[in-house]
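What follows is a single structure, written as structure tokens, with notes after it.
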Amino acid sequence: MPIENEAQLKQTIWDVVHRTPVLDIHTHLYDARFGERLLWGIDELLTYHYLIAEFFRYSPMDCDEFFDLSKREQADLVWQHVFLENSPVSESARGVLTAIGLLGQDPRSRDLGAFRRYFESKAIEEHISDVFRIGNLESVVMTNDPFDEVERPVWEDGIPGDSRFKAALRLDSLIISWDDACKSLKEWGYKVKARLDKNVYTEIKRFLVEWIEKMDPLYMAVSLPNDFDFSDKSNTAKLLHKVIIPLCIEANLPLALMIGVKRGVNPAIKLAGDGVGKADIKQLEQLCREYPQAKFMVTYLSRENQHELCVTARKFANLMPFGCWWFLNDPETITEMTRMRLELLGLSFIPQHSDARVLDQVLYKWAHSRWIIGMVLQDKYSDLWRTGWRVSPEEIERDVARLLGGNFKNFLAR
């Protein structure tokens with residue numbers, strides 16, 4: 001049925017954005033076979049590191065004293081200081097309320113005990129299915145580290161997984177902490193040594209090929225600091241050039257680069273203590289030129305890098321910008337970035353990923369992001385409408401499907 005006016009156009013866009021399933025391309029979630037690595041429930045939501053950082057803005061409590069408490073006790077304190085003694089207006093705090101509301105609980109009650117009883121009444125398999133249904137999720141991509149002591153045995157035992165959870169092979173433990181990784185690889189029977197050479201590269205490649213077979217990952221990924229130099233003589237740079245990028249080309253796997261974190265700005269608050277720094281985009285330009293057959297999925301942590309990333313993506317088809325990562329995951333910044341990307345790249349990018357560490361976070365992150373993506377698309381299609389161009393409902397469905405998963409699938413298949 002053709003769209004007859006601008007009001008109908010906007011309603012069509014809104015409906016399509018909310019009914020189109022999402023492929024969440026980057027999370028820190030796990031399926032149930034990974035046991036303790038799968039985080040869920042109200043206490044995990046409240047002790048997410050975003051909210052811990054906010055808690056310390058309000059409370060003079062000693063950091064060590066806080067972290068010595070049980071998870072439940074920490075959650076009690078966050079609830080008291082962030083939600084009750086102050087209005088929960090931050091995006092992280094609002095997100096908790098959105099999530100519990102979508103799960104059928106009443107945020108107006110402010111009854112933390114009732115929220116806990118709700119989660120305690122759920123079996124994890126049932127809860128996973130509820131989250132996927134409520135969030136309208138097609139699938140999520142995990143972050144999988146073969147050096148992780150909990151993950152590794154699951155993969156080695158070949159325990160069948162939940163098909164809704166896809167793998168991504170995380171490389172940080174291997175290439176950023178090479179000295180530690182080298183010791184582990186030796187224990188596992190690989191002929192490696194601390195000093196990198198041709199033989200060591202061959203063994204590292206053998207290790208990665210074996211884990212690609214075990215995990216069947218959709219891509220490989222690494223998180224890098226803002227000042228990382230791809231051209232220096234560090235072990236990390238050598239491993240990227242000598243092993244990782246060539247293997248990605250050979251296996252037709254994208255390499256996801258998440259650039260801009262400053263680790264341990266305030267180590268006293270642990271995971272909440274990481275910061276952000278602006279990176280040099282010239283490094284990325286050089287990579288895309290040097291490896292035209294490689295596929296790079298890239299997200300930067302600094303807001304100041306976003307325009308340059310869009311401009312660089314206009315020059316290199318092997319570069320896919322994705323998501324609004326970490327400190328960029330607030331409505332104002334997501335709106336700005338989504339609008340800028342549409343205006344510079346058309347529909348050829350991945351607007352969002354949840355980066356969720358707690359299962360229930362995907363509910364609020366995608367509910368909030370769908371709302372923003374829908375509003376921005378309403379504006380951009382209205383701009384088209386005023387030129388005289390007309391789009392059909394089928395074309396809107398095609399475009400939204402690309403943004404919420406299709407572009408990722410097409411990039412994988414290139």
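Quick notes on this structure:
- Being under 30 Å from ASP180 (Cα atoms) and either in a helix (DSSP H, G or I) or touching a helix residue (DSSP H, G or I) at 6+ places or on another chain (Cβ under 6 Å) (or both) holds for only one residue in ILE100, ILE128, ILE159, ILE134, and it is ILE159.
- Evaluated against (1) without any contact (Cβ under 8 Å) to a residue 24 or more places away in the chain; (2) of a type outside the set (Asp, Glu); (3) outside any helix (DSSP H, G or I), LEU196 falls short on exactly one condition, (1).
- In segment 246-257, residue farthest from ALA168 (Cα to Cα) [restricted to those that are of a type in the set (A, V, I, L, M, F, W, C) and surrounded by fewer than 16 Cβ atoms within 10 Å (Cβ to Cβ)]: ILE249
- The set of residues in segment 153-206 that are closer than 28 Å to ASP31 by Cβ, of a type in the set (Phe, Trp, Tyr) and surrounded by 18 or more Cβ atoms within 10 Å (Cβ to Cβ) comprises TRP155, PHE165.
- In the set SER302, SER392, only one residue is modelled with pLDDT of 95 or more, among the small types (Gly, Ala, Ser) and within 29 Å of LYS166 (Cα to Cα); that residue is SER302.
- Of the residues making up segment 225-245, those that are outside any loop (DSSP other than H, G, I, E, B) and free of Cβ contacts under 8 Å to residues at least 24 places away in the same chain are ALA237, HIS241.
- When segment 130-160 is limited to residues that are under 20 Å from the mean Cα position of the chain (by Cα) and of a type in the set (Gly, Ala, Ser), the one that is farthest from GLY104 (Cα to Cα) turns out to be SER139.
- LEU97 being in contact with a Pro (Cβ under 9 Å, 6 or more places away or on another chain), surrounded by fewer than 19 Cβ atoms within 10 Å (Cβ to Cβ) and under 24 Å from PRO331 (Cβ atoms): yes
- For segment 263-274, filtering for residues that are surrounded by fewer than 18 Cβ atoms within 10 Å (Cβ to Cβ) and more than 17 Å from the chain's Cα centre (by Cα) leaves 7.
- GLY260 exposed (fewer than 15 other Cβ atoms within 10 Å of the Cβ) and on the phi > 0 side of the Ramachandran plot: no
- Among the residues of segment 317-328, those identified as within 21 Å of the chain's Cα centre (by Cα) and either over 22 Å from ILE244 (Cα atoms) or part of a loop (DSSP other than H, G, I, E, B) (or both) are ASN318, GLY323, CYS324, TRP325, TRP326, PHE327, LEU328.
- The single condition among (1) surrounded by fewer than 22 Cβ atoms within 10 Å (Cβ to Cβ); (2) of a type in the set (A, V, I, L, M); (3) within 18 Å of VAL141 (Cα to Cα) that ILE25 does not satisfy is (1).
- Only one of the listed residues (LEU23, LEU51, LEU9) is touching a strand residue (DSSP E or B) at 6+ places or on another chain (Cβ under 8 Å) and of a type in the set (A, V, I, L, M, F, W, C). That residue is LEU23.
- Here PHE67 clears all of (1) buried (at least 20 other Cβ atoms within 10 Å of the Cβ); (2) over 30 Å from ASP162 (Cβ atoms); (3) of a type in the set (Phe, Trp, Tyr) except the condition numbered (1).
- Matching entry among ARG314, ARG370, ARG386, ARG341 (being assigned to a helix (DSSP H, G or I) and in contact with a His (Cβ under 7 Å, 6 or more places away or on another chain)): ARG370
- Among the residues making up segment 264-304, a single one is touching a Lys or Arg at 6+ places or on another chain (Cβ under 6 Å) and either more than 24 Å from HIS353 (Cβ to Cβ) or assigned to a helix (DSSP H, G or I) (or both): GLU304.
- Pair list, Cβ < 6 Å and 6+ apart or interchain, from segment 252-270 residues that are more than 28 Å from CYS63 (Cα to Cα) to residues that are at pLDDT 95 or above and of a type in the set (Asp, Glu): none
- Screening the candidates TYR364, TYR381 for the property of being under 19 Å from ILE3 (Cα atoms), of a type outside the set (A, V, I, L, M, F, W, C), buried (at least 18 other Cβ atoms within 10 Å of the Cβ) and in contact with a helix residue (DSSP H, G or I) (Cβ under 9 Å, 6 or more places away or on another chain) yields one hit, TYR381.
- Cβ pairs under 6 Å, 6+ apart, first in segment 275-289 and farther than 17 Å from MET320 by Cα, second surrounded by fewer than 16 Cβ atoms within 10 Å (Cβ to Cβ) and modelled with pLDDT of 95 or more: GLY275/LYS262; GLY275/VAL265; GLY277/LYS262; LYS278/GLU304
- Scanning segment 140-175 for residues being touching a Phe, Trp or Tyr at 6+ places or on another chain (Cβ under 8 Å) and over 30 Å from ARG263 (Cβ atoms) gives a total of 1.
Conditions tested, residue by residue: (1) surrounded by 18 or more Cβ atoms within 10 Å (Cβ to Cβ); (2) touching a residue at least 60 places away in the same chain (Cβ under 8 Å); (3) within 23 Å of GLY135 (Cβ to Cβ); (4) not aromatic (Phe, Trp, Tyr).
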| site | (1), (2), (3), (4) |
| --- | --- |
| ASP43 | yes, yes, yes, yes |
| TYR50 | yes, yes, yes, no |
| LYS71 | no, no, no, yes |
| ASP76 | no, no, no, yes |
| GLN105 | yes, no, yes, yes |
| ARG108 | no, no, yes, yes |
| ALA123 | no, no, yes, yes |
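The values are calculated or read from the model by the stated rules, or taken from the named source; none is laboratory data. Please read these numbers as outputs of a predicted model, since none were measured by experiment. Heads up, the Cβs are rebuilt from the backbone with ideal geometry, glycines too, and the neighbour counts pull from every protein chain shown.
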